[in-house]
Each structure stands twice: as C-alpha cells, then as structure tokens.
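The values are calculated or read from the model by the stated rules, or taken from the named source; none is laboratory data. On a predicted model such as this, the values are computed, not experimentally measured, just so you know. Reconstructed Cβ throughout: ideal geometry from the backbone, glycine too, with neighbour counts over all protein chains shown. The protein model used for the area step is the full one, side chains on, heavy atoms only, and it has no ligands, DNA or RNA in it. Shrake-Rupley method; radii C 1.70, N 1.55, O 1.52, S 1.80 Å.
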Amino acid sequence: MSNLYSLLAAGFPEDSQAACLILPDGGTWSYGDIERASGRLANLIVALGLRPGDRVAAQVEKTPAALVLYLAALRAGMVFLPLNPAYRRHEIDYFLADAKPGLFVCRPQARALAAAAARQAGVAHLLELDDAGRGSLIDAAAPQADDFKTVARRGDDLAAILYTSGTTGRSKGAMLSHANLAVNAQTLHDYWRFEPGDVLLHMLPIFHVHGLFVACHCALLNGSAMLFEPKFDARRALALLPHATVFMGVPTYYVRLLQAPGLTAAAVRHMRLFVSGSAPLLRETFDAFRARTGHTILERYGMTEGGMFTSNPYAGERRGGTVGLPLPGTAVRIVDDKGMACAAGAIGNIQVKGDNVFVGYWQMPEKTRAEFTADGWFKTGDVGALSADGYLSISGRAKDLVISGGLNVYPKEIEDMIDALPGVAESAVIGLPHADFGEAVTAVVVRQQNPAGAALTEAAILAALRGELAAFKLPKRVHLVDALPRNAMGKVQKNVLREQYSPAG
Ligand code: MLC
Ligand code: AMP
C-alpha cells in the first residue's frame, strides 16, 4: 500500500494541462498546476523540519491553495488536520493543544488569535493563507522546487485527523489512515460509476469528510474537473449545473435548490448524479426533487470515523427514506442494547466493520475501545433498521447530537458553557425540526433564584456565547424556564422538551 496521493495521482489525466479546478472568476488550475504547487508546498513542509507523522493543521477558507495544502501534506507523509474557519479561540486552543501540529496555517485576519493559541500549544511554525489563496505560506513555498518524490507510506500510517465533538464535551480526533481513505475513495468512485468527462460541481466546505474526502477524492481519482466554488449558493448552483454532471450536497442544499426559481428538468438535463448525505434527507425533499427535475437523489450514509458506509445503488432502486445498501467492503449490522442481532425490520443500534473504519481516537485509547465491540464492530451511535432486502433506514441517534445544516453540534459543549454563566442553574440543549437546517440548536435554560438569575435574558445568553463558540453552534432560540422535566432516574427528558418546543407542538 502506498501513499493515498499516489493512488489519486494515478487517476490524473495524461494531459497535465487538463482542468482540475475551475474557479468562479473563470481561472483554472490544471492537474499539472496542482502537482507542481503541491510539490512546492511538500518541499516547504520538509524544509521547515517536519517529519512524516507530524501534524499539519489548517484553518483557512476554501481555495485551490487550501486543497493543495492537503495534497502536499499527504505527499510529505504528514497528518492533515482541517479546521472550520468558524471555530473561535476556545475551540482552536483545544485542537492545537491536543494534536500538537508542527505547522499551523491560519487566515491573516485571525493571526493574533492563532499566534497566541500556537504559542500556548508549542506549535513551531505559523504561516498564513488568505481568502484569495495568497500569504506567507505561498511566499515561503515559492523558491522551492516543483518536483517532490511522494513519501512512501504504509496503509495504516495516518493521513488525517478530523475532530468530531464528543458526547462528553471533549472533542475526539478521529485518526484516518491512508488505507482507510484510499479504500473508500476507490469504492465510491466505482460504485457511483464516475466516467470520463464527469464534471463535479463542488460547493461543500473542505474541512469535513463530505467535501474533502468524498467529493474531492472521487473527482481527483477520476481526473475530473471540479467547478470549485467557495460556498453553497442556490442561484449560483443553478447557473453552474448545466456545466456539471455530478453534484454532492447536504439536505439543506436540496431544500434551498427547490426554493430557488429556475430548478427545472431542463436546467439539470446534463446531470448524471445528485448525491445527498451528512444528515437525513426528508422524504418530501426527495419526492419534490424527483417530481421537479426527474432526477432521483442518491442518498448515502457515513461519518467522520470511516467515510461512507452505505449508499443507495447507482443503477438499482434508490429508495427514498433509506440510506441504501452496505457499500462493497463494508458490513453493517443492527443489534439490540445487549448486542444481540436484530431481525430484519427491527430497529436497533447500527454497527459497521470494514477497511474504511478509522484507526481510533487520537490519544484516547479508552474512548476508542469503548466505541468498538469485542469482535471489532464500530458502534456508530446511530439507530435504524435493515430491511429484508438489505436497505438501511436511519430512525434516530442514540448519541446526543444535533445536526444543523450538515454540521454537528454536541449539546454537552453548549450546555457546559451556558451552565457557567452567572444566574444559570442548569440547561438542556436540543435539536428542533427546522425547515432550512433540518435541525435547529435550541437551549432551554433554568434560572437561579437570585438577582443574577432574574436578570437573565435570551439576548444576554446569546451575547455571552457568541465570542466563545463557532456561530453555527449558537442556539437559534433560548427558552427560560423554572425547571427541566426529569424521569424517575433524575435524567433530563430531552424528548419531552423536543415535543414541547417543536414548531408544530
Ligand atoms: C451557517 N450558519 C448556520 C449553519 N451554517 N447555522 C446553523 N447551522 C449551519 N449549518 C449560520 C452562520 O453562523 C451565520 O450566523 C448565518 O448562519 C449565516 O452564515 P452563512 O455562512 O452565510 O450561512 P450559509 O452560507 O447559508 O451556510 C449554510 C450551509 C452551510 C448549510 C450552506 O452550513 C454548509 O455548507 N453546510 C454543510 C456542512 C458540511 O459540509 N457537512 C458535512 C460534514 S461531513 P450569524 O449568527 O453569524 O448570522 C459528515 C459526514 C457525512 O457529516 O456523512 O458526510
Ligand atoms: P460526522 O460526525 O460529522 O461525520 O456526522 C456523522 C453523522 O451524520 C452520522 O453518525 C449520522 O448521524 C449522520 N448522517 C450522515 N449521513 C446521514 C444520512 N444520509 N441520513 C441520516 N443521518 C446521516
């Protein structure tokens, strides 16, 4: 097994001038440009003194240079650590202290904050990459040679660490190996039948599994061009879809496309494939999209800890309300709380096994052990059922997680912050149905019986959280109450809160 980059590069087109990234301003990065730029950055990373296995962290906007930085880190044998630019100091401090990267690449506007965090965590090198893809990172790489001999890696060597927040509040770094990513890339490329001439409309962020691995790996492996957009915008998507053949998005993208004027069968007649994932696609969205466009969205299911596990078939029946069949090489089973296999159709805990399943959580051997069964199955924390003919339906989550617009928010992290505010006795954070984001983060807060408690308001709580947390994690609403509902064991009944505060309830 070699370096994941070598596998991807084997799919690059023979013509090195063929387009890899097509930008909103019409600019193009060819496959040759990608190879040379990643060579320069890989040479720079080595010249800085980083060694294979060291971490390279990046908190930057989506630009070609950001993607090239990922490829350079792979080539040099480093472990890539992408971070959402929305994260604030509190979050960055934790990631840097935990992962101890040798190089941290930040946005210039976050330099002061990043420098303080990097100093505190003992990060040796801090470089900048701005939102136009320029900065000290690129300047430092400019004198480096274009050629770089991609470092050989073993299959179980780490390629990336992606942080996923934990139910206990502390984020966990999911360690993904070259083999994990390579096997999933190849499987998806083949299963979704990528073909010569495919063009991917890429509007996802590239700091998560969906945008960075699922989307980019399929396109690179296929030597395809990507219409590489900084973010999702429904009008822009409609303008670009006639030039694409494949689109991947979270359900919110499809909800917004359906609301935008101009989504017609004619507008998408060149398209070969629409893929949805990262959060449940409502049946009504699936049906409305088919009725409007004639295209049946292909829904698939996966998570940071292993990439994609299941997918609706390319040629067979794409069954709405299901996430399809286990992908080749991945096994899926449903078990009850005692670990006994469930019958077809019965709801239970979803467990998975396969070469794509991650290596473990960074420096958390006990958490890793707790998430695997004795016979090596990974406990996803999702709940669902397998039909008699093998289709998986996800009916809920055993883990306390809110997915808002495809981004995960762990209630415990928000509850801890709210509970620390003056005047707060306790709090519960829940997800409520939301037409655009799927779920909306909502806080229910109990006041202390004192003047600080009496002075609490929704606005004051939100203002206090805003500086500390990425904005997408902020509650869309805060409800102040006298007490939380509890069961006989004293556990907060979040299901009761969800019913009470649901828009329809
Ligand atoms: C932005 N905001 C959100 C939000 N995104 N609030 C809740 N949930 C979200 N997902 C807030 C911002 O903080 C800001 O708040 C306001 O909305 C406007 O910000 P914006 O950046 O203009 O929003 P917009 O561009 O509309 O972004 C929404 C979105 C985006 C849905 C297009 O979040 C997105 O692209 N999501 C996809 C995430 C993704 O890639 N997930 C895959 C994870 S991988 P304020 O207060 O500042 O105004 C994974 C595994 C798998 O899950 O299976 O794939
Ligand atoms: P993340 O930890 O960000 O990788 O998110 C993974 C989680 O997203 C999974 O454990 C599921 O709960 C959820 N998820 C991903 N795809 C789907 C889908 N198609 N339907 C329902 N939930 C999904």
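Data for the structure
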| item | result |
| --- | --- |
| Which numbered condition Phe207 misses (of (1) more than 15 Å from ligand 1 (Cβ to nearest atom); (2) open to solvent by 30 Å² or more (accessible area, probe 1.4 Å)) | (1) |
| Residues located in segment 251-278, provided they are open to solvent by 10 Å² or more (accessible area, probe 1.4 Å), outside any helix (DSSP H, G or I) and either within 16 Å of ligand 2 (Cβ to nearest atom) or in contact (Cβ under 8 Å) with a residue 40 or more places away in the chain (or both) | Arg272, Ser278 |
| Single unsatisfied condition, Phe286 versus (1) part of a helix (DSSP H, G or I); (2) surrounded by 19 or more Cβ atoms within 10 Å (Cβ to Cβ); (3) within 15 Å of ligand 1 (Cβ to nearest atom) | (3) |
| Answer from Ala174, Ala118 - the residue that is open to solvent by less than 10 Å² (accessible area, probe 1.4 Å), more than 29 Å from Leu23 (Cβ to Cβ), within 16 Å of ligand 1 (Cβ to nearest atom) and in contact with a Phe, Trp or Tyr (Cβ under 9 Å, 6 or more places away or on another chain) | Ala174 |
| Of the criteria (1) open to solvent by 60 Å² or more (accessible area, probe 1.4 Å); (2) assigned to a helix (DSSP H, G or I); (3) in contact with a helix residue (DSSP H, G or I) (Cβ under 7 Å, 6 or more places away or on another chain), which one Arg36 fails | (3) |
| Test: residue in segment 232-247 that is open to solvent by 10 Å² or more (accessible area, probe 1.4 Å), over 30 Å from Ala370 (Cβ atoms), in a loop (DSSP other than H, G, I, E, B) and within 16 Å of ligand 1 (Cβ to nearest atom) | yes |
| Condition broken by Ser404, with the remaining ones in (1) modelled with pLDDT under 95; (2) closer than 22 Å to Tyr163 by Cβ satisfied | (1) |
| So Leu281, is it assigned to a loop (DSSP other than H, G, I, E, B), free of Cβ contacts under 8 Å to residues at least 40 places away in the same chain and under 23 Å from the mean Cα position of the chain (by Cα) | yes |
| Among residues of segment 433-459, those that are under 21 Å from the mean Cα position of the chain (by Cα) and part of a strand (DSSP E or B), counted | 6 |
| Subset of segment 359-378 (residues that are aliphatic (A, V, I, L, M) and either in a loop (DSSP other than H, G, I, E, B) or in the same structural domain as Gly155 (by TED's automatic domain parsing) (or both)) | Val359, Met364, Ala374 |
| Unique match (being small (Gly, Ala, Ser) and assigned to a loop (DSSP other than H, G, I, E, B)) among Gly155, Gly173 | Gly155 |
| Count of residues meeting criterion [within 26 Å of Ser171 (Cβ to Cβ) and of a type in the set (S, T, N, Q)] in segment 277-324 | 3 |
